[in-house]
Every structure is written in C-alpha cells, then in structure tokens.
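Okay, so here's the structure we're looking at.
Any read-out appearing in this document is the output of simple, stated calculations on the displayed coordinates, not a laboratory observation. None of the values given here were measured: they were computed from a predicted structure. Here the Cβ is made from the backbone with ideal geometry for all residues, glycine too, and neighbour counts use every protein chain on show.
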Amino acid sequence: MRMSKSVLIAVLLLGACGTKATQGNAAAPAATTASGDGSHLPADFARLPMKEFMGHVMQNGGEGVWRWQGFVADEKGERSLFPKDDKEWEEAESGALTLAELTNLLLMPGRRIDDPKWDAAVAGVRALALKAATAAEKHDKDAFFAVGGELDEACDECHKQFIPNFVGPQSANPGAPPAKTS
C-alpha cells in the first residue's frame, strides 16, 4: 500500500503530538509545574546578579524608551530626539513593550524580592512602560515624554527602597553635590 505525502505527513504529525515525557526523550526540557514555584527551572536560571541584571538588562530596556525623548544641544545646535517617522515611532513602541516584558523577569524565582512593595514597584514600571507603548503607537510626543519622566521617577523610587545607600543620577553640573536620598 502506498501512502500519499499528505497522509504520511499527517501520520508523522500525529505521532509527534505526544508529550516529551511520555516519549522518553531524556534531552527534553523539564515540564513546567502547576505550582509556579520555580522548582522546575535550572539552577542557573537567574544567573546574573541583580546589580548586573539591572545595569545590563533593565537599563537597556529603559533606554529603548528614553533614547527617543527630549532634546540635545551641542555645537550643531539643538535637536529633537523624538521619533520622526512611522519606523522610529515603531521602534519607540517596541522599546516600551520590551521594557514591559522585562519586568516579568523581576518576578521570576531567583530575582523576585519577597516584599509586596517589590511587586507593586514592578507592576508600576510595567504599567508605565505599557503607557509609553500606547503613547508611541499614537505618535503622541507629549504623552510619550511625560511617561518617560514618570518611568524614570518610578525606577529611582524603587532603587531608593531596595538598594541601600542609593544615590540617584548625578546632576549635569559636575560641580553640583550628589543628589540626596530620602
């Protein structure tokens, strides 16, 4: 008996529908647990220390929003950093959505701080990132700029709560004293 290609493909696909565990595939990744406790994750899942994660990952995510905001004044004069066309607005929206999704990593086992204030701070940053995405999608420069400031403030407030001796960004004036924390 000769099978058609489509029947053969269907048979192969149906055979592949079984779970990895029942197929005995030792190389398959561990299945997730319903408990959500993270016990199924590899030991090095959150391998970057929090300081590096924030500096390399979250800061980069924030820059996906902030790089499209404000003005620069230099020897060439003053120029806007705001998106100038649909493609740039799409990049700004993508940056904001990336930051929103990165906040999920702050709630994963190995990163999450067991404190309701942590959860609220993370949720606040996520909400602001989504607000920035909406403003970018609408090409609303004023709303996009305003939420960028709110986002910066939310990040600083979280740092003040969870990083001992946090000092915010230094003034653009190199002779100014460091910002004081409350």
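For this structure, a couple of remarks:
- Principal axis extents of the Cα atoms in the range 50-162, from largest to smallest and rounded to whole angstrom, are 47, 30, 20.
- Separation of alpha-carbon centers, the range 135-154 and the range 49-112, rounded to whole Å: 11 Å
- For the range 50-162, the residue among 96, 59, 158 whose Cα projects farthest onto the positive side of the dipole built from Cβ charges is 158.
- In a simple Cβ point-charge model (Lys, Arg +1; Asp, Glu -1; nothing else charged), the range 40-109 has a dipole of about 260 debye relative to its Cα centre.
- Cross-link pairs beyond the 31 Å C-alpha cut-off, checked among 84/160; 76/141; 84/131: 84/160
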